[in-house]
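Since the structure comes first, as structure tokens, the remarks are kept for the end.
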């Protein structure tokens with residue numbers, strides 16, 4: 001049953017942050033794909049900004065099929081939502097628990113790109129971002145919005161353990177012609193946490209953000225890794241409200257019993273608080289790892305993966321997500337592939353998780369009417385190593401869809 005409960009205020013920010021909060025001790029796990037391996041430090045000297053009104057957050061995933069997770073150890077946290085989540089839910093009469101402040105927002109410096117970051121990247125981060133807040137089934141959901149209200153809509157969905165800012169440097173490039181929304185799914189970024197998570201609830205969150213985001217008509221949804229699973233399920237469950245879907249390196253397969261056998265507790269490592277942001281950043285890695293990253297993109301993402309807490313810094317995402325889905329994350333969207341009726345395109349990274357065989361299998365399940373396009377030289381997290389090629393592929397698909405008739409799935 002759908003429950004789109006209220007729309008919160010929209011306020012201007014220079015950026016916002018997400019909710020990745022745990023650490024996988026170097027395990028390639030199909031639920032996260034972010035930077036969070038404790039076992040070795042990076043050779044890069046990244047700095048991380050705490051969560052604040054102007055901060056951005058990163059999106060990594062972990063292991064085999066979910067990208068967007070900061071895997072790093074942290075202390076066990078209570079189930080209390082973030083301050084922003086508590087505020088919106090309190091305003092709407094959905095939540096009455098008092099959440100103690102973890103750190104003042106005052107005095108936090110504004111994020112600036114690395115000095116050698118290219119001009120296109122600087123312009124993307126300079127685009128005005130507004131906060132969108134809604135509540136879905138009792139949980140406060142946050143998103144970032146840019147572009148003029150009333151334009152056609154794009155909704156970007158991050159991977160597991162990631163957040164909205166994994167997409168901002170790519171998504172903002174569409175703001176001149178689209179109303180662009182980047183969601184923090186529940187359990188991620190600046191959205192609230194739940195006792196239980198489900199693919200179906202995440203689809204409701206995507207549609208609630210689209211409804212609240214002041215877009216014209218049905219949106220195109222773009223999802224990466226685990227966010228691609230959410231995108232497929234959203235397209236299947238809400239096909240009449242979605243004009244198209246683009247899935248980025250999301251390997252939909254039968255559940256893998258070997259993946260299900262992972263010892264999740266060992267994979268997450270011991271929770272911890274990092275005494276300094278510098279120390280936390282040194283443990284920030286993607287899972288799966290890639291041979292290539294753009295350091296200015298990693299810097300942007302890393303600065304928005306942490307939040308200040310008593311005694312130091314924590315990752316934002318809810319580690320319970322991975323305990324719930326770790327056994328068969330690749331298979332959660334499989335029942336929905338054959339139910340997709342809107343346009344859908346699959347982008348697979350050359351060095352990513354969607355192999356040629358998986359791509360052919362998904363193509364068959366989608367009725368053999370879906371283009372499967374390879375992003376050359378890209379790892380699983382294409383927005384981290386080949387963002388301009390990814391951007392070009394997205395633009396080409398959207399332009400084609402504006403000027404062509406879709407192929408329809410044949411009955412039977």
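Each value in this text was obtained by applying a stated rule to the coordinates, not by laboratory testing. Bear in mind that the values here come from a model prediction, so they are computed numbers and not experimental data. Positions of Cβ are backbone-derived with ideal geometry, glycine not excepted, and every protein chain shown enters the neighbour counts.
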Going from the fewest other Cβ atoms within 10 Å to the most, one would list 131, 137, 318 as 137, 131, 318
Segment residue 405-residue 369, length gained on full extension (0.36 nm per residue, minus Cα span):
11.8 nm
For 133, 320, 254, 350, what's the fewest-to-most ordering of other Cβ within 10 Å of each Cβ?
254, 350, 320, 133
Going from the fewest other Cβ atoms within 10 Å to the most, one would list 183, 232, 358 as 358, 232, 183
Determine the distance separating the Cα centre of segment 210-238 from the Cα centre of segment 293-314; give it in Å without decimals.
27 Å
Within segment 355-373, list the residues whose amide N lies under 19 Å from a label point set 7 Å along Cα→Cβ of residue 338.
358-370
